[in-house]
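First the structure, in the form of structure tokens, and then the observations on it.
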Amino acid sequence: MVLLGPRRVGKTILVYHSVESLVYENQAKYYQALQRSTDKTDSAPFVEFMLRMILDEVSSAIATDQAALLIAAIGTSTLGSAVLLKALGLSHRPTFRENYLNPALESGWIERTQPDSPRSPTQRYRLTNKGRQWLQHREKG
């Protein structure tokens, strides 16, 4: 069994995910890639499929340390930036936005409750499905 994460690599955290789980989740495409390789008597279609699948998984499993702290602070709640600043022990809003909030938003870990009004005083943040899955993996491990 090959596992991906959780290991620190620079400022990133990788989440465990077995290759077997990836194959199970993509079973039909896995067998199609195997068949294409068999038909062509060339392993390239299968190797490319596997590498793409692993790259997609690893790419979606990476979060900065700051984003990880933000995800944990939000948990199952919907919180505003003032509450998040306090929960993270921060007071400098630009640092919070640049190092915590924006990376988590850009990577799809969290979302705004009012996406059309990013600077609204009633703006709140919640985890996306991706963020909830990451948090569940973190809590299990």
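Bear in mind these aren't lab numbers, they're just calculated from the coordinates by the rules spelled out. The model shown is predicted, which means the values in this text are computed figures rather than measured ones. Every residue, glycine as well, gets a Cβ built from its backbone with ideal geometry; the counts of neighbours run over all protein chains shown.
Data overview
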{"quantity": "Tally of residues being in a helix (DSSP H, G or I) and without any contact (Cβ under 8 Å) to a residue 12 or more places away in the chain across region 113-131", "calculated": "1"}
{"quantity": "Any hit, region 73-95, residues being at positive phi, touching a helix residue (DSSP H, G or I) at 6+ places or on another chain (Cβ under 6 Å) and not hydroxyl-bearing (Ser, Thr, Tyr)", "calculated": "no"}
